[in-house]
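The values are calculated or read from the model by the stated rules, or taken from the named source; none is laboratory data. Keep in mind it's a predicted model, so treat the numbers as computed, not measured. Backbone-built Cβ (ideal geometry, glycine too); neighbour counts: all protein chains shown. What goes into the accessible areas is simple: the full protein's heavy atoms, side chains included, and nothing from ligands, DNA or RNA. Shrake-Rupley method; radii C 1.70, N 1.55, O 1.52, S 1.80 Å.
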Amino acid sequence: MWKWLAAAALIAPPALADEAGDFDYYVMALSWSPNWCDREGRARNSPQCAPGANYGWVLHGLWPQHEYGYPQDCRTSVQPPSRGQTAAMADIMGTSGLAWYQWNKHGSCSGLTSQAYFDLARRAYDSVDIPQAFRELNRDVTLPASLIEEAFIDKNPELSPDGVTVTCRDGAIQEARICLTKDLEPRDCGADVVRDCTLQSATFGAID
């Protein structure tokens, strides 16, 4: 019997790769750069964390999402981005390396060319009004994570509580994730995305 199972495994068809363009909506992930730099960025000597870089919320990625789960590393016939294209995203993504990584893992699933995907990601980033208090934070604070979500909704009333989720890691604010339609209209997130951080004393690091 075991020999039969081994032979069956050898002739079994490979798992199908995720298909580019087959998804339901986008999750735009905004990472709080000071906390990422404190946790790992400086140890990597990331230019995102260089003195005077002054990054606050950076675009971690624009992720194609299913109603449950998400595609990644999709097989696509479009050309990968050029160095110039990824470098042009560093102003909102922190580094060109992140732009390259995000294209390979997530952008390849969008069904778009690399330039169209980066253009859409920039439009998504520009569509959200960052609360002014976040732009001027000059000292570390601790606060309930829910205040981050409330601040985004207050500044962007078209967003709903189920359309924004805030994540934490190691006791610190990690990301604000905003769910958008393929046309970049706000929408509620799927059940697997709505997982708000419930910390009452989350660290929110100052912008250098």
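For segment 110-183, state which GluC sites (Glu not before Pro) are in a DSSP loop and have at most 15 other beta carbons lying within 10 Å of their beta carbon.
Values: sites: Glu136, Glu149, Glu150, Glu158, Glu175; in loops: Glu136, Glu158.
The qualifying sites are Glu136, Glu158.
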What FRET efficiency, computed as 1/(1 + (r/R0)^6) with R0 = 22 Å and r the Cβ-Cβ distance, is obtained for Lys155 and Ala116, rounded to the nearest 0.05? 0.20
Folded to 0 to 90 degrees: helix 114-126 orientation relative to the chain principal axis, Cα: 30 degrees
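Within the chain, what whole-number % of the accessible surface is contributed by carbon and sulfur, with the 1.4 Å probe and all protein chains included in the calculation?
On the way: 5830 of 11180 Å².
Carbon plus sulfur share of accessible area: 52 percent.
Find how much the distance from Ser201 to Glu136 grows on full extension, using 0.36 nm per residue of separation minus their present alpha carbon separation; answer in nm with one decimal. Display every interim value, and only then the final one.
Working: separation 65, 0.36 × 65 = 23.40 nm, distance 2.02 nm.
Gain on stretching Ser201 to Glu136: 21.4 nm.
Pulled fully out, how much extra length does the chain show between Asp24 and Asn104, if you take 0.36 nm times their separation in residues and subtract their Cα-Cα distance?
Taking Asp24 through Asn104 to full extension adds about 26.9 nm, to one decimal.
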What are the residues whose amide H is under 5 Å from the amide H of Ala172, where those residues sit 5 or more places off or on another chain and H is modelled from the backbone? Thr203
Nearest-0.05 FRET efficiency for Ala43 and Asp126 at R0 = 35 Å, using Cβ-Cβ distance, is 0.70
Between the Cα axis of helix 146-155 and the main Cα principal axis of the chain, the angle (0 to 90°, nearest 10) is 80 degrees
